[in-house]
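The values are calculated or read from the model by the stated rules, or taken from the named source; none is laboratory data. Here the structure is a predicted model, which means the values were calculated and not measured. A quick note on method: Cβ atoms are made from the backbone with ideal geometry, for glycine too, and the neighbour counts reach across all protein chains shown. Note: areas computed on protein heavy atoms with side chains; ligands, DNA, RNA excluded. Shrake-Rupley method; radii C 1.70, N 1.55, O 1.52, S 1.80 Å.
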Amino acid sequence: MNESENRQDANGGENGKDRRQVLRTERDWRELLDRAERETARFLKFYEASFQISEEERNFNGDRLDHCALSMGWHLSVESSDGAEDVPAEEFSAEPSPSQEFPAVYSLHNLPESIAVSAIYHFACARWQRLWKTPYAGKLSARSASALAESLAFAQRDMLLAIDAEDAMEFGLAICLMKNVHSALNCHFAEMECLPTAVNDDDYTNLIRELRCALMDLRDICLRILRDARNEINKTAN
């Protein structure tokens, strides 16, 4: 999930400037947006299912994000002694779902990283919506509730902008934006400390646990992109 999977334009080229010159009609773009929504919903389905897996099984199968990426049929980038290397999903133990052909034209919405971020953001928002309906939410101040909503929205916005910057090879911009994301997520975690504990309410406790996991996964994506962008800058410097 670290490498963009639609690097080529309609003519098979790899130049980012060329691929952005491919013209599409409104209907074409509607199809691209619809595809992104379908793929986001598919990733969200795998992500939600991962919380039904036991801790032992999840540890055996590896990282939650990578497990979902494999289920989507994506490729992963793994570290080897020779550097980063793309490894197809078939070489892992997970059973990948049939994946659709990636769009030939550049579309931020259809990048694997964007799909994952959007799906996890929807997951986190859904957990918050359920939390607001619990009696414990009333103990949060209006300021805390506003800060929680803003920090999560800012994190998603800047993550998508950073993914776009990285794909355009603007690695310095990607780093700046992801640092903003890291700060926003840290603020979100800090505000979550205002949430009360409920020892005898398993549903509420599980909501908090799943929300924290989703935020940690967003931060994991943030750190992965930061690492990749810095590696690319170091390559240029050398």
Scan of the stretch 120-159 for residues that are within 28 Å of Phe46 (Cβ to Cβ), free of Cβ contacts under 8 Å to residues at least 24 places away in the same chain and in a helix (DSSP H, G or I), ordered by number: Ala126, Gln129, Trp132, Ala149, Ala153, Arg157
Gly172, sole failed condition from (1) over 25 Å from Leu111 (Cβ atoms); (2) of a type outside the set (A, V, I, L, M); (3) in a helix (DSSP H, G or I): (1)
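Residue-by-condition table, conditions (1) of a type in the set (D, E, K, R); (2) surrounded by fewer than 14 Cβ atoms within 10 Å (Cβ to Cβ):
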site: Ala142; (1), (2): no, yes
site: Phe154; (1), (2): no, no
site: Ala190; (1), (2): no, yes
site: Thr205; (1), (2): no, yes
site: Arg230; (1), (2): yes, no
Please state which of the following conditions Leu111 fails to meet, knowing it meets all the rest: (1) at pLDDT below 60; (2) open to solvent by less than 30 Å² (accessible area, probe 1.4 Å); (3) among the hydrophobic types (A, V, I, L, M, F, W, C). (1)
Determine whether the stretch 36-49 contains at least one residue that is at pLDDT below 85 and part of a helix (DSSP H, G or I). no
Pairs, first within 30 Å of Leu44 (Cα to Cα) and without any contact (Cβ under 8 Å) to a residue 60 or more places away in the chain in the stretch 213-238, second assigned to a helix (DSSP H, G or I) and open to solvent by 90 Å² or more (accessible area, probe 1.4 Å), C-beta under 9 Å, six or more apart: Leu226/Lys179
